[in-house]
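Only one structure is covered here, and it is reproduced in the block below.
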Amino acid sequence: MEPVILILIALVIVIGAASLLVTTRKRREKVELEAVRQSTLAPGAPTVPTEVKEAIAKKEADEAIASAVEGEADAPPVIVAPVEAPAKRPSFRERLSKARATFAGFLGRSAIDAGTWDELEEALIRADLGVGPTTALIERLRARVEEDGLESGDELVAVLKAEMKSRLAGKDRRLKVDEGQTNVWLFVGVNGVGKTTTIGKLGKRMAGEGHRVVMAAGDTFRAAAAEQLGTWADRSGAQLVRGAEGGDPSAIIFDAIESAAAKGADLVLADTAGRLHTKSNLMEELKKVRRVADKDPGHVTEVLLVIDATTGQNGLVQARQFTEATEVTGVVLTKLDGSAKGGIVFAIQSELGIPVKLVGLGETADDLVDFDPDEFVDALFSA
């Protein structure tokens, strides 16, 4: 038994000595490294050999790596969220170059003379203000020139801009959403003006503002309308309600309203057919859609007429017909950036009393913007 005890004692002594030797060596290396490090900082110190510098650098790197590995499990993960650049609102001045070109000749005049009035009248007609609004505007400007003794072209332009802004003022251009209601916005207009695309863009915007949106594919006569609307619904996170091709638009829209009410959605964007706008059957169908959409739980707060700005005075004809059928509350003017006929804004408001609420200044969803009368007029006459 005694030999075994002696052997165990010997093992303990050997292990202890080995541990002491290792600890002492590490302390000596640390002291030596620190001494060399301090010597490199001391003024007038001798040059440290390259191999010593490399040894110091390697040891410090190894220690840093070891420390990082040991603490990796405890360290919280670093999550870098993608930064999405805020969408830049398109500028009326940047996008209305074609409309502005209509007034280029008039803007070049230095004095007010007979030629000035001829050029201004021609520019206003070409811009599609319409004969009535153009005549009224020029008569008012002539009176102002005489009353105020204006002589220069710049003075006339300033008065013209002020008069145009005044004629566009005083209209509520806000999009109406009543809290606690299943709001319904109906979109009407002829085919090809951009109704479905407008619904998609506006749905994306309203969803981004916190509204729960349902899109109703009420244009059952155009085969691609529901698929197109479905794509926009996916992009904006909206629900799509559609029916069979050629089905009853009123029934589909009412289904969408009931679905929205059941799920707590506060906004239904309803597409409608746009073919044969000169025929009474479509207008009667739209009247029916309007009546059905306003039945409980539906609450129609907007009927938005979509007009292609490039159609000019044809847009005014459409506005008259659709207003009679559906009680239009506002106009969405698409493709304004590609048209020289922006004067239709004045024709619609002066002759029908309907405000332009939204305008399309490009192809992306962010290019559908609120209409700003002052910015619009300034853009027409900017240098």
GluC sites (Glu not before Pro) within the stretch 290-363: DSSP coil, no more than 16 neighbouring Cβ in 10 Å: E327, E363
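With a ≥ b ≥ c taken as the square roots of the eigenvalues of the C-alpha gyration tensor of the stretch 182-328, please select rounded if a/c is under 1.5 and otherwise prolate if a/b is larger than b/c or oblate if it is not? Before the final figure, lay out the partial values.
Details: a/c = 1.58, a/b = 1.38, b/c = 1.15.
In terms of gyration-tensor shape, prolate.
By the scheme Lys and Arg +1, Asp and Glu -1, what is the net charge of all other residues having a beta-carbon under 9 Å from that of G189? Could the numbers behind the result be given before it?
Values: positive: K195; negative: D308.
Taking every Cβ under 9 Å from that of G189, the sum is 0.
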With a 25 Å threshold on alpha-carbon distance, the violating pairs from K263/K335; K176/K341; K165/K204; K201/K335; K165/K287; K98/K357 are K263/K335; K176/K341; K165/K204; K165/K287
What whole-number distance in Å separates the alpha-carbon centres of the stretch 176-223 and the stretch 348-363? 17 Å
Hey, what do the phi angles of the stretch 208-221 turn into as Karplus ³J(HN,Hα) couplings, whole Hz, using 6.51/-1.76/1.60 and θ = phi - 60°, x for Gly and Pro? x, 8, x, 7, 8, 10, 10, 9, 10, 7, x, 8, 8, 9
Hey, what's the per residue convex hull volume over the C-alpha atoms of the stretch 168-222, in cubic angstrom? 119 Å³
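Treat every Asp and Glu Cβ in the stretch 182-328 as -1 and every Lys and Arg Cβ as +1, leave all other atoms uncharged, and give the resulting dipole magnitude about the Cα centre to the nearest 20 debye.
Numbers: 17 positive and 18 negative charges, 46 e Å.
For the stretch 182-328, the charge dipole is close to 220 debye.
Estimate the FRET efficiency between E94 and K263 by the formula 1/(1 + (r/R0)^6), using the beta-carbon distance for r and 35 Å for R0, to the nearest 0.05.
Working: r = 40 Å, r/R0 = 1.15.
Once rounded, the FRET efficiency stands at 0.30.
Bear in mind these aren't lab numbers, they're just calculated from the coordinates by the rules spelled out. Remember, it's a predicted structure, so these values are computed and weren't measured experimentally. Note that each Cβ is placed from the backbone with ideal geometry, even for glycine, and that neighbours are counted across all protein chains shown.
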